[in-house]
Amino acid sequence: MTRTARPVFMSALLIFVVTIVIGILNGMDIWEPSHNVLLTHVHAGTLGWITLAVIGSALLMFGQDLDPSADDGAIRQAATMANFAIAAAAIYVIAFLTTTGIFRPIAGTVMFVAIVWVLVWVSRRYSLVERTTSRLALLLAVVSLTIGAVLGVLLGLFIARGSIPGLSTDTAASLAGAHPPAMLIGYLILAGVAIADWLLAGPEGRSGRIVAWALFLAGVLVNISFIFEVEALIQISTLFEVVAIVMFIVRMWSRIKPAEWDATDNDFARLSVLFLGVGIALLVYVVQLFISGELNPETGEGPIGVLLAFDHTMFIGVMTNVLFAVTARVGRGGYSPVVMWAVNGGLVLFLAGLVLDVAILKQVGAPVMGLGLLYGIWLYLRSLQVSEPAAA
């Protein structure tokens, strides 16, 4: 499935440029983007880059056993699905950048159709291939993505119309408000765990399946807590997240310990696992601030920088690192110590600036991280422009 996945990763990288340019200028405090541009920054990253690259990863993970000579029809169907997802993501990002009102939920519905198509394909393939831990985790991640996509369309309708047909204003607002945590906690953490486990050949066993189901359950509990405004479920969900990630790191220790680092693209995946630990620590802090009333994400009151630090830990530290590792495998390799340390060194400075509310750290970290990402995109696009992947 490498030939099918390659254009997905190339499209994802190109869309990622939009997120990075906006992020560099905003992070350096030399430009205050409008609300529409900030929403474009977020959605070009989460759907244009991360979700397209997750779809490409799913093609590789679940299409591994397809025989091009015997399964040509199935491969063509997968290619059609991939091309539709690319078009849907591009339309979605353009809609956020250039339109308002009802056009956004319409574009969101197109993206939702693409996500459901991927879910159906992954579910069907899961019943036909070996049921590994990483495949179970990615299947559950796509289920969580689908739930988040439903909530995202409802959020778009609520913003465009001020209401959702058939629902009270309070119910509609609760459903719409559940979209961001559903994507961050229910989807991204689980997707990062799944792909890192696959790349680093995590050990099979019951503990891996427990991790996958615990993270999925945590995401469901978060959705319920925001929809029905049950704060206690947020704390229970956080407990599940902490236990599951600690189990995952312990389980993967033999793959991520210092002696295993080998200056290959796998080191990006190892960093992703480490940033999962950072992300969970920040999540615990965010939840405690939220429960105590010190932080209100809807109004921006309180230490909002901590919440932004959690977001960027997941977007860059976990997902971008692990997806760079996959992208390198799809092309002709692509490990670059410059990319690795510029991106992650800049990210650490950026996170410190957000958490400590020190502007200079953020203003230095943002361009270092952003330029490292742009250099990485250039390298990977070059490595993907090949007729066939190089032999191992």
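Structure remark: mean-square fluctuation, Gaussian network model of the chain, C-alpha springs under 10 Å; the largest value among ARG270, ARG332, ARG161 belongs to ARG161. Take every Cα pair under 8 Å whose residues are at least 6 apart in sequence, average their separation, divide by the length of the chain, and the relative contact order is 16 percent. At q = 0.12, 0.13, 0.15 Å⁻¹ the log10 of I(q)/I(0) for the range 81-196 amounts to -0.48, -0.55, -0.71, computed by Debye summation with a single uniform scatterer per C-alpha, solvent ignored. Taking GluC sites (Glu not before Pro) that fall in a DSSP loop and have at most 16 other Cβ atoms within 10 Å as cut points, what is the longest piece of the chain between them? For GluC sites (Glu not before Pro) (loop position, at most 16 other Cβ atoms within 10 Å), the longest site-free span of the chain is 1-129.
Taking 0.36 nm per residue of separation and subtracting the Cα-Cα distance, full extension of the segment from TRP213 to VAL338 would add 41.4 nm. Taking every DSSP helix (H) stretch of at least 4 residues in the chain, weighting each as -39,500 (n - 2.57) and dividing the sum by the residue count yields a mean residue ellipticity at 222 nm of -24500 deg cm²/dmol. What a 1.4 Å probe finds exposed on the chain is 66% carbon and sulfur by accessible area, rounded to a whole percent.
Over the chain, with a Gaussian network built from C-alpha contacts below 10 Å, which listed residue (LEU140, LEU371, LEU190) shows the highest mean-square fluctuation? Looking only at LEU140, LEU371, LEU190, the biggest GNM fluctuation is shown by LEU371.
Between (1) 22.7, 70; (2) 19.7, 60; (3) 32.1, 109, which entry matches Rg and Dmax of the Cα atoms in Å as derived from the coordinates of this structure? Of the listed options (1) 22.7, 70; (2) 19.7, 60; (3) 32.1, 109, (2) comes from this structure. Largest accessible area first, the listed residues TYR126, TYR335, TYR375 line up as TYR375, TYR335, TYR126 when surface is computed with a 1.4 Å probe on the assembled protein chains. Of the whole protein surface, LYS362 contributes about 40 Å² of accessible area at a 1.4 Å probe radius. The mean accessible area for residues of the chain, using a 1.4 Å probe and ignoring ligands and nucleic acids, is 41 Å² per residue.
The values are calculated or read from the model by the stated rules, or taken from the named source; none is laboratory data. Quick caveat: nothing in here was measured; it's all calculated off a predicted structure. Here Cβ is always computed from backbone atoms with ideal geometry, including for glycine, and neighbour counts include all displayed protein chains. SASA here: full protein model, heavy atoms, side chains in, ligands and nucleic acids out. Shrake-Rupley method; radii C 1.70, N 1.55, O 1.52, S 1.80 Å.
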